[in-house]
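The values are calculated or read from the model by the stated rules, or taken from the named source; none is laboratory data. Because the structure is predicted, anything quoted here is derived from the model rather than measured. Methodologically, a virtual Cβ is constructed for each residue, glycine included, from the backbone with ideal geometry; neighbour enumeration extends over all protein chains shown. Please note that ligands, DNA and RNA were not included when accessible areas were found on the heavy atoms of the full protein model with its side chains. Shrake-Rupley method; radii C 1.70, N 1.55, O 1.52, S 1.80 Å.
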Amino acid sequence: YTEVTTPPLRDFSLWERTGLKDFLKTTKQSFDLSVNAQYKKNTDSHFIPFPLRAVYDVLSPDINAVHHHFEKGRDKMLDFLTKSYNKAKVKFDKYKVETSLNKLPRTIRIPGYYIPFVNIIVSPFTAEMPAIGYMVPKEMSIPGFTIPGIGFSLPSYTFILPSLEFPVLHVPTSLQKLTLPDFEIPRPSDHIPVPALGNFTYDFSFKSSVITLNTNMALYNHSDIVAHFRSSSFSVIDAL
């Protein structure tokens, strides 16, 4: 919470300080104030030259190279996950520890999407993720010993305790065939469409028994951008 304290305000007159006494006859005088702003969208578009075909020619060969690098990285990751899984499986089987894979979400889904301006279409993507655990069993032994003189001896003990690690509990078979989603890049034109500026109008009106003010401003987008500004005033006082 924030506490804000405003200073006291005494002997302040809006009538005197803001100049209302120059426009209104008395403090009880009424006035009309009207403000209207409107924007109308233009359905036309401007086409800006841009070498999109050159970008297409550059990206098309690179997409195949990206797929190739992805497959190499996928194979290395699969080898790492498989070794981690085999190492953890030996410990789990040795100590007869069961893992609950049904509680671990292992599927990721990315819907297809479209990248505007460059017109790139990416297909939906679904992949099964490997399951990662948090604990592995670890063996800890206490050696036996004998106290000489009194003949007291303590046998050795072996404990199986959980150890904090992040073993791989499941390696999906679909990971061997995992590929990047398909990228479709239609050959574009060398222009980028930009929506045209619409028409903007603004009207202001102030009316009282002393003065009347009217202001109109407009910005029109035709073959050229045209701006209009009109302002008028009328007052019973010559100085205004």
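Quick look at the numbers
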{"item": "Ordering of 138-146, 159-167 by packing [mean C-beta count within 10 Å, highest first]", "result": "159-167, 138-146"}
{"item": "Links that overshoot a 32 Å alpha carbon limit, given the list K76/K138; K72/K96; K40/K207; K72/K138; K21/K41", "result": "K72/K96; K72/K138; K21/K41"}
{"item": "Label point distance in nm, E98-L161, each placed 7 Å from Cα along Cα→Cβ", "result": "2.6"}
{"item": "FRET E, pair Y56, A196, Förster distance 22 Å, beta-carbon r, rounded to 0.05", "result": "0.25"}
{"item": "Theoretical gain in end-to-end length, T6 to I132 [0.36 nm per residue, Cα-Cα removed]", "result": "39.6 nm"}
{"item": "Accessible surface of region 132-201 [probe 1.4 Å, protein heavy atoms]: carbon and sulfur percent", "result": "65"}
{"item": "Residues F80 and E139, FRET efficiency given R0 of 22 Å [Cβ-Cβ distance, rounded to 0.05]", "result": "0.30"}
{"item": "Local electrostatic count at S123 - Lys and Arg +1, Asp and Glu -1, tallied over other residues with Cβ under 15 Å", "result": "-1"}
{"item": "At q = 0.12, 0.16, 0.23 Å⁻¹, base-10 log of I(q)/I(0) for region 110-195 (Debye sum, equal scatterers on each alpha carbon)", "result": "-0.70, -0.86, -1.10"}
